[in-house]
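Read the structure below first, then the notes.
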Amino acid sequence: MSEATTQQVTASLPEGRYFFSGNEAVAEGALSAGCRFYGGYPITPSSEIMERMAARLPERGGVFIQMEDEIASIASVIGASWAGAKAMTATSGPGISLMQEGIGYAVFTETPCVIVDIQRAGPSTGQATKVGSGDIMQAKWGSHGDALPIALSPWSVQEMFDLTLQAFNLAERFRVPVYLMGEEATAHLREGIRVPERVEVVERNRGPGDPFGTDEPDGVPPMPAFGDGQKLLVTGSTHDRRGFRKTDDPETHRVLVERLHKKILNHAAEIIQMEAYHLEDARVGIVAYGFTARSALFAVNRLRKEGLPVGLLRLKTLWPFPYETVEALTGSLAHCLTFEMNMGQVSGEIQKVCRCPLSVTTQVNGTIISPLTIERKIREVLS
Amino acid sequence: MTRALEGYIRPEITGTPFCPGCGHGSLMGTILRAIEDLGWDMDDMLFVSGIGCAGWIPSPHFNADTLHTLHGRAIAFATGAKLVNPDLRVMVIGGDGDLTSIGGNHLIHAARRNIDLTVICANNMIYGMTGGQAASTTPVGCFSSTTPQGNPYPPFDLCKLLEGAGARYVARFAITQPLELREAIKKALTLTGFTFVEAVSPCPTQFGRRNRIDQATGMIRYLQEHCLPKEEATGSEGPDKIITGEFVGA
Ligand code: SF4
């Protein structure tokens, strides 16, 4: 099977340190990855991504368009991707809800694209300018049917840059929509980041070959573009390897849906990233992600200074979920704690495999979870 | 002669899914004849469609790149593809429900932006595929599975809508006017910018049957009787008349 290729290219800015907001870093990460199309609709707290892309993308030979709504945004992104461009959109909760049908279409037609979700406090319009992490389950389950996109969770402005770049690489490698699950707090945070001289980018495999099937049950087929003379047949209906509709054939549907899962799950080791802090000898372990993991690390470092056996597992990949790591980790802990800016969405996944008592702390008031809250909770558990 | 358009159809295709008497097969032929007249290479073309009977006109039949998208969203998908690759000649084909009801927002905005697309709206005045429900184009008083007492709401005049939205070329012909329709499609394809052709197409299965036009030939007769060239219109016609012609960019 031919594969996507990896190349070293110059980053979107001269090498050096930059003082950026998270949203600005997302835009530069996307440009560095080779993004050539942005279709979007304004929404707080993500709009600065769109504004920077509007200014920067045309300079770099790309196309920016402000569409009439989020449904049109994701549709334009998918159309652009099939025309051969690396393509993205960015939005927040209400926009993510509107995009779900299109994201399901992208999963089923194996269309690489990046969807940045700068999460705010929901449900509904909620607290439009405040932080939340309530879209984690929607990223996995929001579209009808069994879809398995990839979702990444950055915790810093540097990672808004780095993980956006990686989101493009994963999308192109696996022909799948990839979410960057940002949060308002990181999107509007300003920090120093380092932009390297060169970055590694993945270029999609444009064929030849059947665009919708492989001999391997977990393969990623090549993806020619419109205009390549391949007479592509792209449809959101159940289709065979060449794209012909086979909506009455049980076997075609099974093989396709299972392959779309296996191409992600069987490569989970290649996709999943996380970081462990002080976990070697920890008796109490926190599992956290996104901005909350910053507070968690702060609390853990403080308690470590007192000699307390606490550690942190920081998830950078939320989907596919690292069940095996969490199961192994919780087997060695006396107690596991989670902290989330939602009603316990990731905690539910941890619960499925947790081998020690689990304490779940949720906070849904539109503010970040402070290090002090986490520290108090750990002391409670340890006492 | 019957095989004249064979090269425009994927070799795997042995038939269409359209009901006997459906206008969409005729429209399919008219579109391909227009492309043949222009001498265009199908490898330079991209056909984008949504969901509904008319979405099947290009996909899977046309021997070119085809993108069969979501209900209502074809124009937004097409916008992304066209902007990334301006060399593609992009045609969107869809039904009235698909393009003008659920997809109405995309239609008017693409026209406003003057995106270089040709949109062919196969208007059969009803939702065919889902079982004959009323559409935004169903004439007042007509029966459908969701207007059993007759449709109380006036339909869109699609050509006026597109004119208002800023389309570069706007025309309406029925499939009972195949020569005019073919010329309109050719003009729409060759003009740069957003072009729109409303092709009034009979749906005997859902529209005809519910409105006591029992035969496919009855639907053809209905269109012949109700279509009136705009040059002959006085402005005092009743709402059942279908005024045909080129309205913008003639
Ligand atoms: S339902 Fe109507 S529009 Fe659809 S194929 Fe049959 S006749 Fe044609």
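Structural remarks
- Phi angles across the range A:330-344 convert, under the Karplus curve 6.51 cos²θ - 1.76 cosθ + 1.60 with θ = phi - 60°, into 3J(HN,Hα) values of 5, x, 9, 9, 7, 7, 10, 10, 10, 9, 9, 8, 7, 8, x Hz, Gly and Pro given as x.
- Alpha-carbon spread of the range A:1-95, three principal axes, descending order, Å: 41, 36, 23
- ³J(HN,Hα), Karplus 6.51/-1.76/1.60, whole Hz, each residue of the range A:77-94, x for Gly, Pro: 5, 5, x, 5, 5, 6, 7, x, 9, 5, 9, 8, 9, 9, 7, 9, x, x
- Full-stretch length increase - residue A:127, residue A:258 - with 0.36 nm per residue and alpha-carbon distance subtracted: 43.3 nm
- Cβ-placed point charges (K, R +1; D, E -1), dipole of chain A about Cα centre in debye, nearest 20: 540
- Qualifying GluC sites (Glu not before Pro) in the range A:294-337, DSSP loop, other Cβ atoms within 10 Å at most 13: A:306
- For the segment B:7-13, counting C-beta atoms of other chains within 10 Å of every residue's C-beta and taking the mean gives 1.
- 3J(HN,Hα) from dihedral phi, the range A:270-285, Karplus parametrisation 6.51/-1.76/1.60, rounded to Hz, x for glycine, proline: 6, 8, 6, 10, 7, 9, 10, 10, 6, 8, 3, 10, 6, 9, 10, x
- Split chain B at each of the trypsin sites (Lys or Arg not before Pro) in a DSSP loop with at most 16 other beta carbon atoms within 10 Å, and the longest piece is B:4-211.
- A straight chain from residue B:228 to residue B:179 at 0.36 nm per residue would run longer than the Cα-Cα distance by 16.1 nm.
- Summarising the amide proton neighbourhood of residue A:279: residues at separation of 5 or more, or on other chains, whose placed amide H is nearer than 5 Å comprise A:312.
- Entry note, chain B: the mean residue ellipticity at 222 nm calculated from DSSP H runs of n ≥ 4, each adding -39500 (n - 2.57), is -8500 deg cm²/dmol after division by the residues and rounding to the nearest 500.
- The range B:172-218-the range A:151-181 distance, computed between alpha-carbon centres (Å): 46
- Cα convex hull of the range A:5-203, projected area averaged across orientations, nm²: 9.4
- Across peptide B:105-112, the average count of Cβ atoms from other chains found within 10 Å of a residue's Cβ is 3.
- Pairs from B:160/B:186; A:246/B:186; A:86/A:316; A:140/A:231 whose Cα-Cα separation, in the structure shown, is over 24 Å: A:246/B:186; A:140/A:231
- Inverse of mean 1/r across different Cα pairs in chain A, Kirkwood, Å: 21.2
- Accessible area per residue in Å² at 1.4 Å probe, computed on the range A:274-382: 41
- Relative contact order, percent, chain A [alpha-carbon distance under 8 Å, six or more residues apart]: 17
- Between 0 and 90°, nearest 10: helix A:22-33 axis offset from chain A longest Cα axis: 40
- Restricting the trypsin sites (Lys or Arg not before Pro) of the range A:300-376 to loop positions (DSSP other than H, G, I, E, B) with no more than 15 neighbouring Cβ atoms within 10 Å leaves A:355.
- Most positive-pole-ward Cα, A:252, A:353, A:312, against dipole of the range A:231-383 from beta carbon charges: A:252
- C-alpha center-to-center spacing [the range A:104-125, the range B:51-92] in angstrom: 22
- GluC sites (Glu not before Pro) within the range A:162-227, DSSP loop, no more than 16 other Cβ atoms inside 10 Å: A:197
- Placing a label point 7 Å from the Cα of residue A:283 along the Cα-to-Cβ direction, the residues of the range A:363-383 whose backbone N falls under 17 Å from that point are A:377-383.
- Taking amide H as placed 1.01 Å from N in the peptide plane, the amide H of residue B:142 sits under 5 Å from that of B:151, each at least 5 places away or on another chain.
- Remark: relative contact order (chain B) = 18 percent; criterion is Cα-Cα distance under 8 angstrom and separation of 6 or more residues.
- Axis angle, to the nearest 10 degrees, between helix A:371-382 and the longest C-alpha principal axis of chain A: 60 degrees.
- With Cα atoms, 0 to 90° folded angle of helix B:104-113 axis to chain B main axis: 50
- Leading residue at positive end of dipole, the range A:5-203 (Cβ point charges), from A:13, A:132, A:29: A:13
- Remark on residue A:63: its backbone amide H falls under 5 Å from those of A:37, A:38, a criterion applied only to residues 5 or more positions apart or on other chains, H modelled at 1.01 Å from N.
- Using the Cβ-Cβ distance between residue A:141 and residue A:210 with R0 set to 35 Å, the FRET efficiency from 1/(1 + (r/R0)^6) comes to roughly 0.75.
The values are calculated or read from the model by the stated rules, or taken from the named source; none is laboratory data. Computed from a predicted structure; not experimentally measured. Cβ atoms come from the backbone with ideal geometry, glycine included; neighbour counts cover every protein chain shown. Note: accessible area is taken over every heavy atom of the protein model, side chains too, but ligands, DNA and RNA are not part of it. Shrake-Rupley method; radii C 1.70, N 1.55, O 1.52, S 1.80 Å.
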